Every structure is written in C-alpha cells, then in structure tokens.
Number of protein chains: 2
Amino acid sequence: MNTYTFSGVKNFLIFYFMILASSFLIAQDNTPPFAIIIHGGAGSMQRGSLPDNLEKLYRKTMQEALQKGYEMLDHGASAVDVVAATIKIMEDSPLFNAGKGAVFTAEGKNELDASIMDGANLNAGAVAGVTRIKNPIMAARQVMMQSPNVLLSGDGANHFAEEQGLDMVNNHYFYTKRSWESLQRVKAAEKEKQKNMHDKGSHLNWFDTKSGTVGCVALDRKGNIAAGTSTGGLTNKSHGRIGDSPIIGAGTYADDNTCGISCTGQGEYFIRLAIAYRITAMMAFANISMADAMKMVIHQHLEKLGGVGGAIGLDYQGNIAVEFNTPSMFRAYHRAGESAHVLIYADE
Amino acid sequence: MNTYTFSGVKNFLIFYFMILASSFLIAQDNTPPFAIIIHGGAGSMQRGSLPDNLEKLYRKTMQEALQKGYEMLDHGASAVDVVAATIKIMEDSPLFNAGKGAVFTAEGKNELDASIMDGANLNAGAVAGVTRIKNPIMAARQVMMQSPNVLLSGDGANHFAEEQGLDMVNNHYFYTKRSWESLQRVKAAEKEKQKNMHDKGSHLNWFDTKSGTVGCVALDRKGNIAAGTSTGGLTNKSHGRIGDSPIIGAGTYADDNTCGISCTGQGEYFIRLAIAYRITAMMAFANISMADAMKMVIHQHLEKLGGVGGAIGLDYQGNIAVEFNTPSMFRAYHRAGESAHVLIYADE
C-alpha cells in the first residue's frame, strides 16, 4: 500500500511533468520560427575557379555574418536591426562589392547604394550614389527611421548621414587592389570590344566584373520580416548610374503578409521587372508559394529578357528560397532549431 | 429586260459595294483603338478655388498637349515618341511642376526627375535629380534608347544629356515666381509647425505645395503601350530626395500585355507600394481589370497607409482609367473616334 501510494504519487508526478513539458513544447511551437538568409552576390565562379584560401575566407565571413544575425534574432532583436547589423559585417569585409571593397565607376570612384524595408509597416529607406558613408545600409536605415523620405541620393544623402552622426570616410577608404584591378581589366576589354549600347543591362563582361552585392532577409520572433541590400554597383559603371539595390520593389521588398526579398544581378533587368516586389505580388494576388514565384521570376521572366542574377527570400512561415541563373551565388541561411548552411556553387 | 438587266447590275454593284464597305469597316475595327491619356498632377483644388483665367489656361494647355499626342498617334507615331512629345509640352509650360515651373528644394534649387517605359520590350529610362536638362523626359528617353542604364542621377545624368546633344539650361531657367513663393510659404509654415519626421511621406503641407507632376500613357496603332512621368518633386524637398516619378514600378510602368500607368502624389507611398507595377501585377496575376485594380490600389492600399495621390492608365484594349483620392486631378484623354475630355475636379 505504501509502495502503491508512492507509485501513485510517482505516476502522478510523471504525468504532471509530461503535461508541463507538452505545454512547453506546444508553446515553443507557437513562437514564430525565426530565420535569417543572406547573400553575397550571384556570380560566375565555377567550382575550383576560386583559390582554396579565398573560398574558405568567403565561407568564414558569411558564417560570421549569419551567426551574428542568428544570435541577435535568438535574443529577440528586431528583423530590421538584424538585417542592418548583418549587412554591415559584409560591407566591412573587403570580399564583397559593398562598403569596403566596392567596385569602381568608370571615373575611378566608388558610388554606393543600399536599401532596407520593414515588412511590418512597409516603411523603407534607401541611399544611392553615396561616396563618403562607411556603411550605406546604416544610412538607408536612418533614412527610413529618421526622415520623411524613402530614397536619398548623392551629396544630399552624404550630408544627411553626416547629420545623423554615422561613420563618414574619405572615398579612398573603399579602395581594394582587387576592385581597382577589375576596373583596369574591364576598361582594357572595353577598348577591344564594341559594346551594344542598346541592349538594356548588357554591361560589358558582367561575369568578369566583381559581382558581390550583399543582402539579408530576417524573420524575427515576433513574425516581422525585414529585407536589405547593399552594393557598389557594376565595375566601370557610369557616374550617377543607379541599379536595383536601392530601389524598393526592384532589389529589395518586404511585407509581413508575404515575404522579404533581396536581389543581386544585372540591376537594369531587376528594375524593369520590379523583381523583388513581383515575387511578393505573385504570392499576394495569385496565391503562388514564394518558392514557385521566385522560380518563375528568375528562370522565366528574367531569362526571357536575357537577364542574369538571383534572389533570396524568407516568407511569413519561415520558408526559405534561393534562385539564381548563374554558376554561383554566395548564400547562407539558418532557421531556428536547424543547422546553418553556407553555400557558394549551384550544385551545393 | 433591259431594265431588269440594269436593275440586276445595279443590285450587284450595291451588293459588291456593301461587301467592300463591310470589309473596310471590319479592317478598321481590327486596327487597335489608339488612345492617349495625360495628367498634370493630383491636387487640392476645390471647384472655385482656381481663378477663372488660370483654370482656363490649365484646360487649354492640357488640350494642346493631348491634341498633339492624339494627332501623332493618328499619323502612326510610336507610343514612346508620343509620350515624350506630349510630356515635353507640359514640361515647357510653367503651369506644371515639371521642367519650367518645377518646385524648389529646401536649398532653393530645382532638381528634376523623369522616367519613360516601353511596354513592347519593357525597356525603360529615367533621370533623377537633374539640374541643367531643359526637358528631363527627353533625357529619360535617351537613357532608354542610347545607354545600357535604366536610371541615371545627378551630375552623371546632366553630363549624359549634354553628350546626347539635348537642350541644356542654367538651373535658373526653371524659376517661376509661383514656385518660389510656394517655397517661402512652406518654409514659413514649417517654422511654426512641428513635423512628425517618422511618418513616411507626410511632407508638411503637401496640399499647400504645388503638386503638378505630369504624366502620359499612349497606346499606338500597333498596339504598343508607353508610359512616362516627369516632376520637380515636392516643394522644400531635401537635396537628393528622389520620389516615385523616376522609379520604374513606382511612378511609371508599361507592359503591352497589361497596361501603362503614370502616377502622381506623395512619392514615398508610391515607392513603398510599387504602385504603377502593382496595378499591372494585379491584372497579370489575378486577372483583375485595370479599372478595378487601380480602384483597389488607390482607394484601399494607398489610403490604408495614409497616402494621397492618383494614377492614370490605359490598357491593351484601349480602356482608360483614372483614380485619385484628392479633390482634384488635372487629366485629359482621347480615344480614337471618340471626343476628347479635359477634366480637373473630382466631380467632373
């Protein structure tokens, strides 16, 4: 009887513990599956074409940026803060064509573009053609949070960032030997080839230029999606040329009801097709999944026009999608409770 | 018998003539119903608030621009040429906030934006923040036709236009007493009021500033649609601020398979909602008519965010749509074989 009573109490305790544990697990299930996805640009890298140590460095830097973003999300940071902080890490790395390491214009300067969008309220901010802001993504964030504007360009954007107390640098800060040599190669190639100026977006040797636009989409614990993109544009681009990265709807879009998107590639095609918003529109108006919409947009709509590039996305349920029609795209993602993935080639 | 024969021949001739005439009418029915629609901006004008002579001048100028475009279409001109020529007339008029008569930035300068898109091939061109180009719409057209870019900004765009041999002017050319006084009024009002900087697009006294963005959509005899938009932006805008007018997908979009759209209003909202492309996306992906899509976008999506403005559109069948949530919108349209309409107030 003693034993029975003890056994009864034990069984009750076990039962009670199971109920508690189930409630806890169910509660955990109800918290949004926070997630992050980043990219470092669609490119022409074939397996083996990247020196081993450089490939390792790319993977390490992407891993670091991803981990930073994931940890922030895990600690309850907002999607907007995570996108800005994650992109900042890639801007600060000379490996990517954003911030330090940005490509050069035809005139041998660096003109940078960035944008960010908050899917909770469709707020957005962007800067284009900035030359003195160390982290253009931070300026885009300030435009969104602290100004009545969405898009500021050139000197006006430089001044605004300075007023906002952001880190300012001399244009020479962005210099890397690699990007400078890329400009010389493209200029030399241009002399030899006749460029068909009428083919929209067909910038000479896009594959030879350093494509390395960076982007990030995050879904935070509150179910809020944000997306951002940052770039130096195209090697040898015209002074004043604005690509898709700072254009809300083209290079970046986020809506908590559908998904967040960041693009990379031949910007002119992405503007003409309004690619980032197009994917969300197909979800919203035709009830197509993000993955299917992105496939159609990259492999049908973009390819039909002859464009090259890719996109990353994260939808309101935490689903992840990546599509590109190039041999490689630097990309990495991490969903709550799953393992992190850092990928470069199409066959990974 | 003679009479009979004569009557038979006559009947045969009448019959033959009827067949010929029917074929001709059927052939005419098969030619696309060419059409043109223009706008001179959504605004706050209530009936009676505009002096009679000024109202007459607005109607006369819109009528002239419309007629020029209609005649060009009638003579077989392409939609792109018609859009550029029609917008040029409105840019050259000091009545509208585009070209001559553009509003002033906070720094007392004029920075102009324009874009154009060809629905046949989704080619597009745009300029932003230009200061020395007499007709920004012509520069947008040259960017589309003669460069690998879609969007050029600031000095880079000025230089490109100069290289292309377009008419260049001193920034002072754009001055009108009316726009200058508008800047002084807004600056005075700004001193008195505290501006909520966080409310995206809520530029102080939008209704008081001269909204007068111009736009045009044309459907030519070949069934090709083009759309264009040109503006000076917002009175007292920040140096470097870019609104929706030069953003393909926001202020302008054209696709021969759906429609052409040109927008006017608080640009920041139009960028955040990708309004011009949104209307075509609803047609393409949800099979909603242009009229219904435009109604939803202007009166639901835009209003939900608190935005103000309007849009004009022309679809592949020659249907016309105009929607705005302001008391007035300068607008005019003319479909082949019908009469021309020139309208200002919401109740017209």
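Data for the structure
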{"quantity": "Averaged over A:242-252, number of beta-carbon atoms from partner chains that fall within 10 Å", "calculated": "6"}
{"quantity": "Helix A:2-30 axis, angle to chain A major axis (alpha carbon atoms, nearest 10°)", "calculated": "20 degrees"}
{"quantity": "Interface area, B with A, accessible, probe 1.4 Å, both sides summed, Å² nearest 100", "calculated": "4000 Å²"}
{"quantity": "Förster-model FRET efficiency, 60 Å R0, A:D52 and B:K60, C-beta, rounded to 0.05", "calculated": "0.25"}
{"quantity": "Among A:S289, A:I242, A:A35 the positive-end extreme of the charge dipole of chain A (Cβ point charges)", "calculated": "A:I242"}
{"quantity": "Dipole magnitude of the stretch B:116-177 about its Cα centre (Cβ charges: Lys, Arg +1; Asp, Glu -1), debye to nearest 20", "calculated": "220 debye"}
{"quantity": "Number of partner chain Cβ atoms within 10 Å, mean per residue of A:157-163", "calculated": "2"}
{"quantity": "Relative contact order of chain A, defined on C-alpha pairs under 8 angstrom at six or more residues apart (%)", "calculated": "24 percent"}
{"quantity": "Lys, Arg +1 and Asp, Glu -1 on Cβ, resulting dipole of the protein assembly as shown about Cα centre, debye, nearest 20", "calculated": "540 debye"}
{"quantity": "Estimated FRET transfer efficiency (A:D74, B:M145; beta-carbon r; R0 41 Å; 0.05)", "calculated": "0.20"}
{"quantity": "For residues of A:267-275, the mean tally of beta carbons on other chains within 10 Å", "calculated": "6"}
{"quantity": "Mean ellipticity per residue at 222 nm, deg cm²/dmol - from DSSP H runs of n ≥ 4 across chain B, formula -39500 (n - 2.57)", "calculated": "-12000 deg cm²/dmol"}
{"quantity": "Residue with peak Gaussian network fluctuation, chain A [Cα springs, cutoff 10 Å], from A:F285, A:F330, A:F104", "calculated": "A:F285"}
{"quantity": "Of B:K187/B:K237; B:K109/B:K237; B:K68/B:K295; A:K56/A:K187; B:K88/B:K134, those spanning more than 19 Å from alpha-carbon to alpha-carbon", "calculated": "B:K68/B:K295; A:K56/A:K187"}
{"quantity": "Amide N of the stretch B:94-128 lying under 16 Å from the label point, which is placed 7 angstrom from the Cα of B:R178 along Cα→Cβ", "calculated": "B:94-104"}
{"quantity": "Per-copy distances of the A:M145 label point, shortest first, in nm (7 angstrom along Cα→Cβ)", "calculated": "4.6"}
{"quantity": "Label geometry 7 Å along the beta-carbon vector: B:Q63 inter-copy distances in nm", "calculated": "7.5"}
{"quantity": "Contact order normalised by residue count of the stretch B:216-311, Cα under 8 Å, 6+ apart, percent", "calculated": "24 percent"}
{"quantity": "Local electrostatic count at B:I36 - Lys and Arg +1, Asp and Glu -1, tallied over other residues with Cβ under 11 Å", "calculated": "-1"}
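The values are calculated or read from the model by the stated rules, or taken from the named source; none is laboratory data. Small disclaimer: the values here were computed from a predicted structure and weren't measured. Cβ atoms come from the backbone with ideal geometry, glycine included; neighbour counts cover every protein chain shown. The accessibility values were calculated without ligands, DNA or RNA, using every heavy atom of the protein model including side chains. Shrake-Rupley method; radii C 1.70, N 1.55, O 1.52, S 1.80 Å.
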